[in-house]
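**Q** This is the structure I want to talk about, given as structure tokens.
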Amino acid sequence: MGKSASFDSSKKTKFAQNLHTLMLKYLGHSCFSIEINGKNLIIDPFITGNPLASHIDIQSLKADYILVSHGHGDHIADCVELAKITNAKVISNHEIITWLNSFGVEGIAMNQGGSLFLEFGTVKMVYAAHSSSFPDGSYAGHSNGFVIWNSDLCFYFAGDTALSMEMKLLPLTCPKLDFAILPIGDVFTMGVDDALIASQFCEVDTIIAAHFDTFPPIQLDHLVAEKKFKSNSKRLIIPKIGETINWK
Ligand code: NI
Ligand code: MN
């Protein structure tokens with residue numbers, strides 16, 4: 001038997017090699033603003049409809065790209081307005097980009113397994129075990145996650161998802177993860193116990209929590225969650241809305 005296949009590290013993109021920083025700001029629910037290699041990304045914009053995020057002013061946000069994991073309102077509600085404010089391009093699946101085009105928003109369509117090579121690094125769209133439809137009920141394609149990397153770092157944004165065996169593919173098909181943003185609030189996505197197994201499946205030691213506390217059904221016991229990860233030698237970061245995390 002030969003050595004089993006794994007990620008070819010020569011595929012790491014070689015952009016801006018001296019920049020070892022990533023700045024990540026939590027905007028509530030599953031929404032993050034990320035500065036990476038001088039570019040600003042916003043993932044899953046849902047701010048104005050989130051009462052916990054009323055101190056976040058979307059007029060002040062900067063974005064070169066907006067990434068959208070799926071069509072549910074709690075991930076896409078501010079996308080059209082934010083794209084118009086920032087002039088950002090949206091990265092999502094074909095169905096969502098086509099829908100956004102009808103509102104005059106431009107985007108780049110992709111699908112699961114595909115990678116885009118952009119000026120800040122590589123964006124790979126990966127599997128998520130979740131449903132997806134637009135706020136009007138129409139079909140929004142499949143739900144997705146993203147793995148984003150450059151020559152310095154790599155992270156996984158899982159989107160809304162259940163625990164799935166496909167997460168075991170990430171160590172084989174992507175660089176080693178520095179951190180993962182995982183949904184943890186239960187009911188509509190994984191809860192704490194499954195998110196812990198997910199972190200083991202994708203071989204990541206630092207986890208940033210998402211999709212918790214926004215609505216009563218997804219209220220998270222922060223202490224219990226942190227303890228469970230800690231007792232498995234994992235670090236769980238439960239971000240505060242508006243908090244900035246500097247990476248490295
Ligand atoms: Ni959803
Ligand atoms: Mn959701």
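The values are calculated or read from the model by the stated rules, or taken from the named source; none is laboratory data. Quick caveat, the model's predicted, so the values are computed rather than measured. As a convention, Cβ positions derive from the backbone with ideal geometry for all residues, glycine included, and neighbour counts pool all protein chains shown.
**Q** Counting just the residues of the range 87-121 that are surrounded by fewer than 21 Cβ atoms within 10 Å (Cβ to Cβ) and polar (S, T, N, Q), which one comes out farthest from ligand 1 (Cβ to nearest atom)?
**A** ASN87
**Q** Does the range 130-151 hold any residues that are more than 14 Å from the chain's Cα centre (by Cα), more than 16 Å from ligand 2 (Cβ to nearest atom) and surrounded by 21 or more Cβ atoms within 10 Å (Cβ to Cβ), and which are they?
**A** Within the range 130-151, just ASN150 meets the criteria.
**Q** So GLY114 fits all but one of (1) in contact with a strand residue (DSSP E or B) (Cβ under 6 Å, 6 or more places away or on another chain); (2) in contact (Cβ under 8 Å) with a residue 40 or more places away in the chain; (3) not hydroxyl-bearing (Ser, Thr, Tyr); what number is the exception?
**A** (2)
**Q** Since VAL68 meets every condition but one in (1) under 18 Å from the mean Cα position of the chain (by Cα); (2) within 14 Å of ligand 2 (Cβ to nearest atom); (3) over 19 Å from ILE181 (Cβ atoms); (4) without any contact (Cβ under 8 Å) to a residue 40 or more places away in the chain, which condition does it not meet?
**A** Result: VAL68 passes all but (3).
**Q** In addition: Given the options GLY159, GLY141, name the one that is farther than 26 Å from ILE245 by Cα and not β-branched (Val, Ile, Thr).
**A** Within the list GLY159, GLY141, the selection yields GLY141.
**Q** Further question: Among LYS84, LYS124, LYS89, which is the only one that is at negative phi, at pLDDT 95 or above and within 13 Å of the chain's Cα centre (by Cα)? First the steps, then the outcome.
**A** Working: LYS84 fails: within 13 Å of the chain's Cα centre (by Cα); LYS89 fails: within 13 Å of the chain's Cα centre (by Cα).
Matching residue, one of LYS84, LYS124, LYS89: LYS124.
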